[in-house]
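Since the structure comes first, as structure tokens, the remarks are kept for the end.
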Amino acid sequence: MQSATLQLVREVFDDTVYEYFPIGQYIVAAPEICGGRPTFKYTRLEVATILDLIAAGWTVERLVQEYAQSHLTAESISEAVHLAKDALVTTTARTQRAT
């Protein structure tokens with residue numbers, strides 16, 4: 001996995017300038033939103049919250065239903081899980097190389 005420099009994106013959303021670093025298609029790090037922690041694009045819904053709920057046994061269907069107002073989709077949840085997996089694999093590989 002190659003390290004890429006993320007470029008700040010500026011766009012107008014809901015009559016407000018929205019700045020973010022794209023992490024994926026649905027996941028962003030917006031410096032002014034949730035302290036820059038990863039969120040689902042155009043929301044204040046932190047990716048970590050959804051991953052915690054998945055770990056607690058919530059289904060994708062339940063998450064989509066419970067967070068319908070945030071326009072959370074199965075595709076965005078899938079991206080969050082895949083990005084978390086990639087981060088875990090990358091971290092593990094770096095740890096193994098360091099020993």
Original post:
About its Cα centre, what dipole magnitude does region 9-98 give when the only charges are +1 on Lys and Arg Cβ and -1 on Asp and Glu Cβ, stated in debye to the nearest 20?
Top reply: 480
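Counting Lys and Arg as +1 and Asp and Glu as -1, what is the net charge of the other residues whose Cβ lies under 14 Å from the Cβ of P22? Please report the intermediate quantities before stating the final value.
Details: positive: R10, K41; negative: E11, E19, E79.
Cβ neighbours under 14 Å give a net charge of -1.
Please label the shape of region 1-57 as rounded, prolate or oblate, based on the square roots a ≥ b ≥ c of the eigenvalues of the alpha-carbon gyration tensor (a/c under 1.5 means rounded; beyond that, a/b larger than b/c means prolate, else oblate). Each step should come with its number before you reach the end.
Working: a/c = 2.45, a/b = 1.31, b/c = 1.87.
Taking the square roots of the gyration eigenvalues as a ≥ b ≥ c, region 1-57 is oblate.
Give the relative contact order (percent, whole number) for region 9-98; include only Cα pairs under 8 Å separated by 6+ residues. Mind dumping the intermediate values first?
Values: 85 pairs, mean separation 15.8, N = 90.
Reported as a whole number, the value is 18 percent.
Laboratory data are not the source of any read-out in this text; all were calculated from the coordinates shown. Nothing here was measured: the structure is a model prediction, and the numbers come from that model. A quick note on method: Cβ atoms are made from the backbone with ideal geometry, for glycine too, and the neighbour counts reach across all protein chains shown.
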